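Please read the structure below before turning to the comments.
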Amino acid sequence: MNYLFDQLFNWWGQWTHGTDLRQFLKGFNTLTGDYSGSARYALVGIIMIFLTSAILCLYYLVLDSDRLRKRKYWLMFLTGSSVLHFFIAFIIATAGVEAVKTQQIDVSYFDCIGFGVSVMIWSMLWFVTFSLTPYPRRWGINCRHTPLKQ
Amino acid sequence: MARLYVFAIGGTGARVMKSLTMLLASGMKTQGAEGRDYEIVPILIDPHKANADLHRCGMMLNLYQKIKKPLSPETGFFHTRLKTLKEITDSADQSDNVFAFDLNDVNSTSFRDYIGYTAMGDTNKQFMDFLFSGKTIDKDKNPISLLDIDMDIGFVGNPNVGSVVLNRIRSSETLKDFASNYTAEDRVFIISSIFGGTGAAGFPIILKNIRDAIEITNLANKGNLENARIGAVTVMPYFNIEPDENSPVNAAQFIAKTKAALNYYSRNVNPAVNVMYYIADKTDKPYKNDAGSGGQKNDAHLVELIAATALFDFLKMPDSELVNAAGKPVSPVCKEFGVKSDVPAIAFQHLGDGMMEQIATPLTRFMLFRKYMREELPKSIGNTVWCNEKPEIGKSFLSTPFMQSHLQDFFNLYDDWLRELGQNLRGFAPFQNDALLDSVVTGIKPRQKSFFNRKTVDYHLFNTYLSTQAIKGGFKNEESKLLSIFYAASHTMLMEHFDYFNKLKT
């Protein structure tokens, strides 16, 4: 799973975050020279899937309000979800980096922002894909045609 | 399917029929005690063709039919089928397919010519002069002898003239068509007033012709007719008219005429009717005194609405309580109506409990439907779930004849009817047209919000209920879908958010 999310979050190439951060997120331990550290790609990936799904369920099933049926409100939820994922990814990356400063790895805050952007883009794609599938959309009432129709 | 033949006689008959049409449109069901669903065959009887009330009633019945035509049987609103006598008699020949009983041969005929006065001998002429003495007016309101009355403006408050002319029903095609279709399961309901001309004359004649069917030649199903289950509502004075010394219609005579007629009814009519309903009210508000060719166009009145509900009460009575033997009811019943509170402007709460249970929910459902169509449909069309579920209701649907003319025209008549009911004395104003959705019913508020129920009764909530219904699917076409979901959604909203309607459970 760590490998899968590693591939996903680096789909865009190296510009989002550098090799050192990538190694760190994969769980590389500079002290032992192996991947015995926390699998942070998997952690962020799982959070992304569950949180995006939860936000979609909140929109389609829990709130399920006629007030929110218009596409603009769906876009607001999409934006909110993306921003939330950006911060989660950024915080996980920076917290880890702070903890291993002593391990002589070369990670900047720009790397963390880049990683946040990568996760944000994937969360958006997941949000859109999940919104286009019939379910959970069609289990709800008021927004079951959003974003396809208003 | 069993049928209920409704004879609506005169101007009051037409106005009661109009209220009945509104109740039927709101989804009140004509279901009998035996579980029979009755189809209604209205027969409007009025020689006064220019009568505005007759015209409005006929228009409303035609619109009802047009709206009902594309609908599947279970649509809630416009549930009951209305048929003309022509439709059930000869489905191939639909010419002259109208609800009005054809009294064409009295058109442009004076009463003198109708009875062949000039060909009578002197003795008969003197007898006629004695029976039909007095004055009346012609179409242009000029004073004339009663014998010279133009019958195409009605009988102008002269039941003695009406009783002669309307006797031609006995030999009419209408009576033959009615008789040939009448089965033992069917019922008859007669609507008339007792204080005018046409209704007071027509009711006993129709009743007599049905009960004495055995004596009429060339009539089918005589046995069924003789023992027909007959209900009738007779409206006693409930409005006044402006005094006009040139008019033959004089409100001061209403009570005297009613007393005389009641005396006659008690001996000859009440014993021949299975269930007789009487209703009256204070005669406060004077209507315009127009007995001429313009005809009376009276505002709708609560009494007419209440009178219309008598029909539903009659249908609910089991066959066992409406037994006839040799053309006579075994146990005829007379019923009257009273309100709970004697106030000038009646709302649902002021009606008796039984009446409130009967009409409050259907009328409110229809009101919500109408209000949504007027205020919210332009915003919702094409972008709400209930519109977009199949069959889709898009903007093009708004320009169909069903929406643009039939339903819209019916709503216009409904608006007029409600407005007139509210303005009249005694007024019936159960709705506040321009209020928000949660306060549209006069004096009735939605349930208080709680921690578990924080929903506001507004169009968003209405849309949610509409969409819930639309998702269920299974609609024959857009028209059926529209009426079905609005019926079910408005019902759910009333039951879930208004304790008042929840307690009524209708």
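Read-outs: derived from the displayed coordinates by stated rules, not from any lab. Keep in mind that this is a model prediction, so the values were computed, not measured. A quick note on method: Cβ atoms are made from the backbone with ideal geometry, for glycine too, and the neighbour counts reach across all protein chains shown.
Miscellaneous remarks
- Sequence-ordered 3J(HN,Hα) estimates for the stretch B:30-46 from the Karplus curve with 6.51, -1.76 and 1.60 and θ = phi - 60° stand at 8, 9, x, 4, 7, x, 6, 9, 8, 8, 9, 10, x, 10, 8, 10, 6 Hz, glycine and proline given as x.
- Mean-position separation - Cα centroids, the stretch B:476-499 and the stretch A:60-139, in angstrom: 40
- Relative contact order, percent, chain B [alpha-carbon distance under 8 Å, six or more residues apart]: 17
- Spin-label model distance (nm) - A:L58 vs B:T183, 7 Å beyond Cα toward Cβ: 6.2
- Largest mean-square fluctuation among A:F28, A:F90, A:F115, in a Gaussian network model of chain A whose springs join Cα atoms under 10 Å apart, belongs to A:F28.
- Counting Cβ atoms of other protein chains within 10 Å of each Cβ in B:458-468 and taking the mean gives 4.
- Alpha-carbon centroid distance for the pair the stretch A:1-59 / the stretch B:309-362, whole angstrom: 76
- B:V441 long-range amide H proximity, modeled H, under 5 Å: B:Q432
- Exposed loop sites, defined as chymotrypsin sites (Phe, Trp or Tyr not before Pro) outside DSSP H, G, I, E and B with at most 11 other Cβ atoms within 10 Å, are absent from the longest region of chain B, namely B:1-450.
- Straight-distance candidates among the lysines for linking to B:K141, with alpha-carbon spacing under 29 Å and chain neighbours fewer than 8 residues away dropped: B:K18, B:K49, B:K125, B:K257, B:K259, B:K282, B:K285, B:K288, B:K297.
- Counted charge near A:N2, where neighbours are those whose Cβ lies closer than 15 Å (Asp, Glu -1; Lys, Arg +1): +1
- Short to long, the 10 Å bins of the Cα pair-distance histogram for the stretch B:2-86 hold 18, 52, 26, 5, 0 percent of all pairs.
- Calculated FRET efficiency for the pair B:N412/B:D353, C-beta based, R₀ 45 Å, to 0.05: 0.85
- The length gained by stretching the chain between B:K288 and B:L262 to full extension, at 0.36 nm per residue less their Cα-Cα distance, is 6.8 nm.
- Approximating the spin labels as points 7 Å out from Cα along Cα→Cβ, the B:E215-to-B:F451 distance works out to 7.7 nm.
- Under the Karplus curve 6.51 cos²θ - 1.76 cosθ + 1.60, θ = phi - 60°, whole-Hz ³J(HN,Hα) for the stretch B:373-390, x wherever Gly or Pro sits: 4, 7, 9, 10, 4, x, 7, 8, 4, x, 10, 10, 4, 5, 6, 7, 5, 6
- Under 5 Å between amide hydrogens, built in the peptide plane, is the criterion, and for B:I137 it picks out B:I144 among residues at least 5 positions away or on other chains.
- Between A:T94, A:T32, A:T16, the GNM of chain A built on Cα springs shorter than 10 angstrom shows A:T32 fluctuating the most.
- Distance (nanometres) between label positions extended 7 Å along Cα→Cβ at B:I471 and B:C334: 5.7
- Residue-count net charge about B:A201 - beta-carbon cut-off 15 Å; Lys, Arg +1, Asp, Glu -1: +3
- Per residue, the average separation of C-alpha pairs within less than 8 Å and at least 6 apart gives the stretch B:252-369 a relative contact order of 30 percent.
- When the Cα gyration tensor is reduced to axis lengths a ≥ b ≥ c, the ratio a/c is 1.5 or higher for chain A, and with a/b above b/c it is classed as prolate.
- The DSSP beta bridges internal to chain B are antiparallel in roughly 20% of cases.
- Cut-off under 5 Å, modelled amide H: who pairs with B:E39 long-range: B:A2, B:R3, B:L4
- For A:139-146, mean number of other protein chain Cβ atoms within 10 Å: 5
- Neighbour-limited loop hits for trypsin sites (Lys or Arg not before Pro), the stretch B:418-506 (at most 16 other Cβ within 10 Å; DSSP other than H, G, I, E, B): B:R447, B:K449, B:R454, B:K455, B:K476, B:K505
- Peptide A:55-66 - average C-beta neighbours from other chains (10 Å radius): 2
- By the Kirkwood approach, averaging reciprocal distances over each pair of separate Cα atoms, chain B gets a hydrodynamic radius of 24.0 Å.
- Antiparallel bridges, percent of DSSP beta bridges restricted to the protein assembly as shown (to nearest 5): 20
- The stretch A:1-137, relative contact order in percent, only Cα pairs under 8 angstrom and at least six apart counted: 35
- Listed residues A:L51, A:L25, A:L63, most fluctuating in chain A (Gaussian network, C-alpha, under 10 Å): A:L63
- Karplus-derived 3J(HN,Hα), 6.51/-1.76/1.60, for each residue of the stretch B:111-128, Hz, glycine and proline x: 4, 4, 5, 4, 8, x, 4, 5, 8, 6, x, 4, 4, 5, 4, 5, 5, 5
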